[in-house]
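Below is one structure, written out as structure tokens, with a few remarks after it.
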């Protein structure tokens, strides 16, 4: 790191270069850091280009108006170098314009090796707040100058285990409406980073109490107002949805407890976020979906035979999920994943209703749900758990449903982890032996043969052909061949 910083300093050529923000804060707190944040007194773009060339790295513009740039490094001691123009006439003035006192820390980069003796702390509360891990706004203008800072406060609390000062929470309540002016991509990145941590539900609850959650998602107010008179939870649909998210988080945090036979496989499944967009993890996306899984209930509610009904809320909810996430500028795969879970979130309940799930029904479920099987089963279980205190399900019923889900996941990974069965039949064999022309009927016959092989009903090509022959009359009538 010393060599890395020395190289940056050598390129300054007399300009004032300061370590600022998260980099200087984390150094002070002896935390692991992945980025270097710098502020320069002039020519931010020119200096950034010079650094990018020296490190043979890509330069991108983060904020042209405020002259903020990022150098994306490869195989280096840090991932990025963020460079911005000092916001004010001096570095002290810049620090007074920052978001929280914990980030109002800087030092001249030339003093890196002995930075603690040269630390710049213009705010008298910075040291105290750093030591007590308290999020304190620098001034009452902090959120007005950049409303995203309200959401960043929750992200800092999530990732660094900071607590809020009363003043900060009060300022969020007063300025919550300003969040609508922030670019949706910035909101998405901060919100999903909050959802990724193990105690996100506590922070989302605080976000709701501050009024920020409803300003981010207008659907929250609709959920709060809906069906209170007839819905199971006293707090209506929102309470149910919030508790479902909390239950999902609890299950994800305790996979060994809920799925003792397969927790390693399931944890690996949730650690894999390569399919999703920046800052969106599979864990965060599952929690987000849990919060909005019943989003269409307000518009599908009807009172029939003394009960509230929500016909087609799954299909309509999936469409609304697309709107909600589209407004956040989420990635295509993020949206498709959430839509799929919302559309099918009632299916596990139907499958396990009698607590007897046949292998045939299981295989059909796995085929239809595919890689999303663990996600869908967990969100369904979380849905059931949200009714625990209301005794909608008896303790016995809930345990039977949980057992069915465990059995399903055991069977899912049993199939997933075994070596593929040897191929005993294909479309060409079916056409040749049964004298059939190409067409959709070949695919249907092959599907029948493959499923029978998986269920150990056949083990040779001859047996597979006999089975297909038995189905041929029905297939010919269906396709009129």
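The values are calculated or read from the model by the stated rules, or taken from the named source; none is laboratory data. None of the values given here were measured: they were computed from a predicted structure. Glycine gets a Cβ as well: all are built from the backbone with ideal geometry, and neighbour counts include every protein chain shown.
The condition of being more than 23 Å from residue 161 (Cβ to Cβ), in contact with a helix residue (DSSP H, G or I) (Cβ under 8 Å, 6 or more places away or on another chain) and touching a residue at least 24 places away in the same chain (Cβ under 8 Å) does not hold for residue 249. Looking at (1) in the same structural domain as residue 377 (by TED's automatic domain parsing); (2) under 18 Å from the mean Cα position of the chain (by Cα); (3) assigned to a helix (DSSP H, G or I), find the lone condition where residue 274 falls short. Residue 274 satisfies all of (1) in the same structural domain as residue 377 (by TED's automatic domain parsing); (2) under 18 Å from the mean Cα position of the chain (by Cα); (3) assigned to a helix (DSSP H, G or I) except (3). Test residue 157 against the criterion of being touching a strand residue (DSSP E or B) at 6+ places or on another chain (Cβ under 6 Å) and either in a helix (DSSP H, G or I) or touching a residue at least 24 places away in the same chain (Cβ under 8 Å) (or both), and give yes or no. No, not satisfied.
Which of the residues spanning the stretch 279-307 are exposed (fewer than 12 other Cβ atoms within 10 Å of the Cβ) and part of a loop (DSSP other than H, G, I, E, B)?
Within the stretch 279-307, 305, 306 qualify.
If you check 360, 364, 432 for being out of contact with any helix residue (DSSP H, G or I) (no Cβ under 7 Å at 6 or more places or on another chain), outside the structural domain of residue 243 (by TED's automatic domain parsing) and within 27 Å of residue 447 (Cα to Cα), only one passes: 432. The criterion of at least 3 residues that are within 27 Å of the chain's Cα centre (by Cα) is met, among helices (runs of 4 or more DSSP H) falling completely within the stretch 17-122, by 21-28. For the stretch 14-35, residues that are over 16 Å from residue 129 (Cβ atoms) and modelled with pLDDT under 90 total 6.
Can you tell me which residues in the stretch 443-481 are assigned to a helix (DSSP H, G or I) and in contact (Cβ under 8 Å) with a residue 60 or more places away in the chain? Selection gives 451, 454. The set of residues in the stretch 27-43 that are free of Cβ contacts under 8 Å to residues at least 60 places away in the same chain, surrounded by fewer than 21 Cβ atoms within 10 Å (Cβ to Cβ) and in contact with a strand residue (DSSP E or B) (Cβ under 9 Å, 6 or more places away or on another chain) comprises 34, 35, 41, 42, 43.
Table: residues versus (1) assigned to a helix (DSSP H, G or I); (2) touching a residue at least 40 places away in the same chain (Cβ under 8 Å); (3) in contact with a strand residue (DSSP E or B) (Cβ under 7 Å, 6 or more places away or on another chain).
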residue: 149; (1), (2), (3): yes, yes, no
residue: 153; (1), (2), (3): yes, yes, yes
residue: 169; (1), (2), (3): yes, yes, no
residue: 174; (1), (2), (3): yes, no, no
residue: 185; (1), (2), (3): yes, yes, no
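When 74, 49, 7 are screened for being free of Cβ contacts under 8 Å to residues at least 12 places away in the same chain and surrounded by fewer than 17 Cβ atoms within 10 Å (Cβ to Cβ), only 49 passes. Restricting 100, 143, 107 to those that are closer than 26 Å to residue 173 by Cβ, at pLDDT 95 or above and not assigned by TED's automatic domain parsing to the domain that holds residue 171 reduces the list to 100.
Of the residues in the stretch 160-167, at least one is surrounded by 20 or more Cβ atoms within 10 Å (Cβ to Cβ), within 24 Å of residue 207 (Cβ to Cβ) and touching a strand residue (DSSP E or B) at 6+ places or on another chain (Cβ under 7 Å). Restricting 451, 455, 414 to those that are closer than 21 Å to residue 359 by Cβ, at pLDDT 90 or above and surrounded by fewer than 17 Cβ atoms within 10 Å (Cβ to Cβ) reduces the list to 414. Residues that are over 16 Å from the mean Cα position of the chain (by Cα), closer than 15 Å to residue 383 by Cβ and buried (at least 17 other Cβ atoms within 10 Å of the Cβ) within the stretch 224-260 comprise 231, 233, 237, 238, 239, 240, 241, 243, 258, listed in sequence order.
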